[in-house]
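Structure first, then comments.
The values are calculated or read from the model by the stated rules, or taken from the named source; none is laboratory data. This one's a predicted model, so the numbers in the text were calculated from it and none came from an experiment. So basically every Cβ, Gly included, is an ideal-geometry build from the backbone, and we count neighbours across all protein chains shown. Ligands, DNA and RNA are stripped out before the accessible areas are found, and what is left, the full protein with its side chains, is counted by its heavy atoms. Shrake-Rupley method; radii C 1.70, N 1.55, O 1.52, S 1.80 Å.
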Amino acid sequence: MTLPTQYNAEDVESKWYQYWMDKGYFRSTPDEREPYTIVIPPPNVTGVLHMGHMLNNTVQDVLIRKARLEGKNACWVPGTDHASIATEAKVVKLLREKGIKKSDLSREEFLKYAFEWKDKYGGLILEQLKMLGASCDWERTRFTMEEKLSDSVIKAFVDLHKKGLLYRGLRMTNWDPAAQTVLSNEEVIHSQENSKLYHVRYRIEGTEDDWVTIATTRPETILADAAVAIHPDDERYTHLKGKKVIIPMVNRVVPIIFDKYVKMDFGTGALKVTPAHDMNDYDIGQRHNLEVIDMLHDNGRLKGPFYVGMDREDARKQIAKDLKFQGHIVKIENYSNSVGRSERTNAVVEPKLTKQWFLKMEGLSATALEAVENGPVDFLPEHMLNTYRNWLKPENVRDWCISRQLWWGQQIPAWYLKEDKEQIFVAETPEEALLQAQEKLSNPELTIEDLEREEDVVDTWFSSWLWPMSVFDAFEDSKEMQYYYPTNVLVTGWDIMYLWVARMVMAGYEWAPGLLGEDLAKEKGVHPFKHVYFTGMVRDNMGRKMSKSLGNSPDSLALIKKYGADGVRYGILSAAAAGGDVIFDAPFVDKTKTAIQNKSDLCNTGSKFSNKLWNALRMIKGLEVIEKPANERIANVNAFAIKWLENEYNKTLDSVEKSFESLRLSEAVKTLYNFVWGDFCSWYLEMIKPDYLKPIDRATLDTTIDFFEKIMTLLHPFMPFITEEIWAHLRENRAEGDDCTVSTWPTAEAFDEQFLYKTSLLKDLVGSIRNARDKGQLPKKELLELLVKDTEAAHTFLAENGLKETIEKIAFLKNFDYTTEDQHEGAAFISGTEQYYLLFEQKVDVAAERKKLEGELKQKRGFVMGIEKKLSNERFVNGAPAKVIEMERKKLADGKAKIQLLIDSLDKLK
RNA sequence: GGGUGAUUAGCUCAGCUGGUUCAGAGCAUCUCGCUUACACCGAGAGGGUCGGGGGUUCGAAUCCCUCAUCACCCACCA
């Protein structure tokens, strides 16, 4: 069998995923093993895979694959979120393109269309996750609006209502005129926009020509003004106390009021108050009993009395003209202010007084804070706790507005008495609601016809916060919940820390105790996850978030096609320390910007790494085998190489484990990269590689394959495809089920630091020899003679079994011996603390060599002086631990020895 | 206004509990090599007073203070 020189990720990857699926390797059912659970942060059902998902899901896959290799019952639950506003907006748009208006459809008809559309196009992202290698248990795929999950939502709602945590109230809310629904604060994105500040004068009632001038960015709302407000300490306006003003256009007379909210130094110091269309004005209105005049329809068009049916933005321009015509405009300034837009529809959000359902957050948020601050939930990176704390502080917490005026979502299980809408009955079914009504109103004659159901649905997050429980069918006495809950780790972006993470914690504490039962809750805990791993945001090279509207997100699938999923996974992981933002250079973003292309390409490093692994395999597979090593010399070298790799391997494994413990995945993958490329390929394989066309002995080859196999297991969580491919090639005739994906994670064994120090000296020496060859312009493989000054230390160093032969082999020496004489031909150099001579027929460039040695000497002297100073400092000697002092002493001794060698060398170079 | 981070090699970034992984990696640059696993490669080299200043300490890239610059989040903006 011949293997191609280049690894072809695309061909290899396509076959393995199906293979794993066929074998059912990702399937998890409760058993006696320890569970390791992750629930996916459900992407929008309409979403497509972007860089953020790739980072997020690669991290999850690494963790879940590692757990699987460790023999745990690894369960990664996938699924999608119904994303009510975004999806409904999309469906509405699609229907409009077909000429169907939402308003012409009944709720049932609309939902039918929506579900059809979801079934047809939704969940594409899950298929894309498979391309990435995500080892989810696909048989567990859930959807937040499927029947069972919706049932959980209803149950949770009813339960909260029973506990008295839900209420319905008239509040100023964020209104999205495009989607025609209320939004939570989190769904409103504020940004600075250019607008105009209109200075408009209002005539004071009872005067001919006395005016007060206000400043506003929204002159159209003048029609709904209820007062003009002044700061009570503003001396410019004290004469207006008790006066009234006449509002232009509508000629309504409204009072001048005094309120400390007004800033004296802003604008004119006089503020028009429009309680119906501004959050703060509403508050002022409450304080002063002002009339609330709503002049906008739900779609953002004007009710009147002027500009009827005109959109608010058009009306603004028109009224500005009209006010100017009537002499009310004093001036118009350019102005930059913050404008809130709907995250989902990008429409400018209107503050609007609406009746909504709210969830009391006081107790819930305190619990959520406590669970992380002093409880069982860890954040990574830790400092995220500060942000979390800041958001959950009592003064920053507001009740959660959970109703939405949409159809795509769970309809709120509340029924109103048709005759008196203030009579509300919350129940899981209409029958129960009716019973409640009959009882409460002491009227057994009531029928279901007398009730009508609340039209609104709940906020999407009201289903998401149940996700870690609802995916295990928690609300129906679930063995799965009892086994898998709490989940081990949640991997998500910090941008939804409050929106989602905090709320899942609340939900966990609210319901898990009841669902798990007292004993189990006590034993396992009720928190939804133990660790939260916050990934950073993936940004482009201008620091901007990747977003569809900017078009700065690279095409994920194109990346996978180009570099292979393994390459992309490597790239994105090695770039992302937990919590740190990732600047991801996107080669496909904008070909006109060379700056982007010039930058590093981490995925390419990953795909090169795949190729390196592949070729290491090719080398091993290409070897001829004999039973015994050809001679003792080869046997010694091989023994040394194996001993070295074994130690280096255990050290690496130890370090990788430590990185995993603290979830430092980028560190783990880099450690493995360095070990594989450096120690395994560059050193070990070169040591055991037989001469051209010579065979290798079976024992060495077998050991090498053992190592290679173990390395594949270690690397598997990061690069699942190539490791499985190599695994398959490494041994012929593997048993059924002997696959890398389900192999056994090795345990770290002790390693010998002392020995590894020797090997580092070896590396240094070999490097020096190569450097000397380089300078002497000698061919790499010409066999040379190396002499070392005969000292005790040199003997100790070379006494290590096989070390000398190994140096001879990889540095291409025909002879390596001791000498007492100084040598004058070839190159002289110092490695470690020894003086070496590499002999060849060429005079050294004396001047250049002297210069180099002098430089080295100067540096060494400075170094030694520093240590001497340190050691003569009594406070250091008394204060520092013995180990450190000992180390310093050794450094000093070695430094002094080296200085002597340098001086000797310089003397001889004269 | 409240909060959080960042500043280390030309670029992108690691660097955990202060001390042998302490000044690192990848990319880029330079020199030499198409060598028999790999030119997606190999061998070697250059390059940083760790943003400035102060402090704590025997010892600081690491802890504290301060200044500067740059991000981001929350609140708010007539």
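Count, please, the residues in the stretch A:1-48 that happen to be among the hydroxyl-bearing types (Ser, Thr, Tyr) and touching a helix residue (DSSP H, G or I) at 6+ places or on another chain (Cβ under 6 Å).
6
One line per residue, one yes/no per condition, for (1) charged (D, E, K, R); (2) open to solvent by less than 20 Å² (accessible area, probe 1.4 Å); (3) in contact with a Pro (Cβ under 9 Å, 6 or more places away or on another chain); (4) at positive phi:
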| position | (1), (2), (3), (4) |
| --- | --- |
| A:TYR19 | no, no, no, no |
| A:ASP22 | yes, no, no, no |
| A:PRO41 | no, no, no, no |
| A:THR46 | no, no, no, no |
| A:THR58 | no, yes, no, no |
| A:VAL62 | no, yes, yes, no |
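Which of (1) among the hydrophobic types (A, V, I, L, M, F, W, C); (2) farther than 22 Å from A:GLY606 by Cβ; (3) open to solvent by less than 20 Å² (accessible area, probe 1.4 Å) is the odd one out, the single condition A:VAL669 does not satisfy?
With respect to (1) among the hydrophobic types (A, V, I, L, M, F, W, C); (2) farther than 22 Å from A:GLY606 by Cβ; (3) open to solvent by less than 20 Å² (accessible area, probe 1.4 Å), A:VAL669 is out only on (2).
Could you tell me which of the residues A:ASN771, A:ASN733 is surrounded by fewer than 18 Cβ atoms within 10 Å (Cβ to Cβ) and free of Cβ contacts under 8 Å to residues at least 12 places away in the same chain?
A:ASN733
Does A:THR723 fit the bill of being more than 15 Å from RNA strand B (Cβ to nearest atom), polar (S, T, N, Q) and farther than 14 Å from A:PHE609 by Cα?
no
Strands (runs of 3 or more DSSP E) wholly in the stretch A:304-418 with at least 2 residues that are of a type outside the set (Asp, Glu) and open to solvent by less than 40 Å² (accessible area, probe 1.4 Å) - which ones?
Counting at least 2 such residues, we get A:329-342, A:350-359, A:414-417.
Assess whether A:VAL39 counts as being among the β-branched types (Val, Ile, Thr), under 26 Å from A:LYS562 (Cα atoms) and in contact with a Phe, Trp or Tyr (Cβ under 8 Å, 6 or more places away or on another chain).
When the stated conditions are applied, A:VAL39 does not pass them.
Can you report the number of residues in the stretch A:234-280 which are near RNA strand B (Cβ under 10 Å from one of its atoms), within 19 Å of A:ARG316 (Cα to Cα) and without any contact (Cβ under 8 Å) to a residue 24 or more places away in the chain?
So the answer is 0.
Being within 49 Å of the chain's Cα centre (by Cα) and of a type outside the set (A, V, I, L, M, F, W, C) is the filter; apply it to the stretch A:782-803 and report the residue that is surrounded by the most Cβ atoms within 10 Å (Cβ to Cβ).
A:GLY802
Considering every residue within the stretch A:807-830, establish whether at least one is surrounded by fewer than 19 Cβ atoms within 10 Å (Cβ to Cβ), out of contact with any Gly (no Cβ under 7 Å at 6 or more places or on another chain), at pLDDT 90 or above and part of a helix (DSSP H, G or I).
For the stretch A:807-830, residues surrounded by fewer than 19 Cβ atoms within 10 Å (Cβ to Cβ), out of contact with any Gly (no Cβ under 7 Å at 6 or more places or on another chain), at pLDDT 90 or above and part of a helix (DSSP H, G or I): present.
Okay, residues lined up against (1) more than 27 Å from A:PRO413 (Cβ to Cβ); (2) assigned to a strand (DSSP E or B); (3) open to solvent by less than 10 Å² (accessible area, probe 1.4 Å):
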residue: A:PHE462; (1), (2), (3): no, no, yes
residue: A:MET469; (1), (2), (3): no, no, yes
residue: A:PHE472; (1), (2), (3): no, no, yes
residue: A:GLU480; (1), (2), (3): no, no, no
residue: A:TYR483; (1), (2), (3): yes, no, no
residue: A:LEU490; (1), (2), (3): yes, yes, yes
residue: A:MET497; (1), (2), (3): yes, no, yes
residue: A:TRP500; (1), (2), (3): no, no, yes
residue: A:ARG503; (1), (2), (3): no, no, yes
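Note down all Cβ pairs under 9 Å where the first residue falls in the stretch A:856-872 and is closer than 11 Å to A:GLU888 by Cα and more than 12 Å from RNA strand B (Cβ to nearest atom), the second is open to solvent by 90 Å² or more (accessible area, probe 1.4 Å) and assigned to a helix (DSSP H, G or I), and they're at least six residues apart or on different chains.
From residues that are closer than 11 Å to A:GLU888 by Cα and more than 12 Å from RNA strand B (Cβ to nearest atom), the pairs are A:VAL864/A:LYS896.
With A:LEU385, A:LEU353 as the choices, which residue is among the aliphatic types (A, V, I, L, M) and either over 30 Å from the mean Cα position of the chain (by Cα) or more than 16 Å from RNA strand B (Cβ to nearest atom) (or both)?
A:LEU353
Take the residues of the stretch A:601-632 that are closer than 16 Å to A:ALA699 by Cβ and assigned to a helix (DSSP H, G or I): which is farthest from RNA strand B (Cβ to nearest atom)?
So, considering only residues that are closer than 16 Å to A:ALA699 by Cβ and assigned to a helix (DSSP H, G or I), the one farthest from RNA strand B (Cβ to nearest atom) is A:GLU632.
Give me a count of the residues in the stretch A:505-535 that are within 16 Å of RNA strand B (Cβ to nearest atom) and either surrounded by fewer than 20 Cβ atoms within 10 Å (Cβ to Cβ) or under 19 Å from A:THR367 (Cα atoms) (or both).
2
Can you find a residue that is surrounded by 15 or more Cβ atoms within 10 Å (Cβ to Cβ), of a type outside the set (A, V, I, L, M) and over 50 Å from the mean Cα position of the chain (by Cα) anywhere in the stretch A:180-200?
The answer is no, given that none of the residues of the stretch A:180-200 is surrounded by 15 or more Cβ atoms within 10 Å (Cβ to Cβ), of a type outside the set (A, V, I, L, M) and over 50 Å from the mean Cα position of the chain (by Cα).
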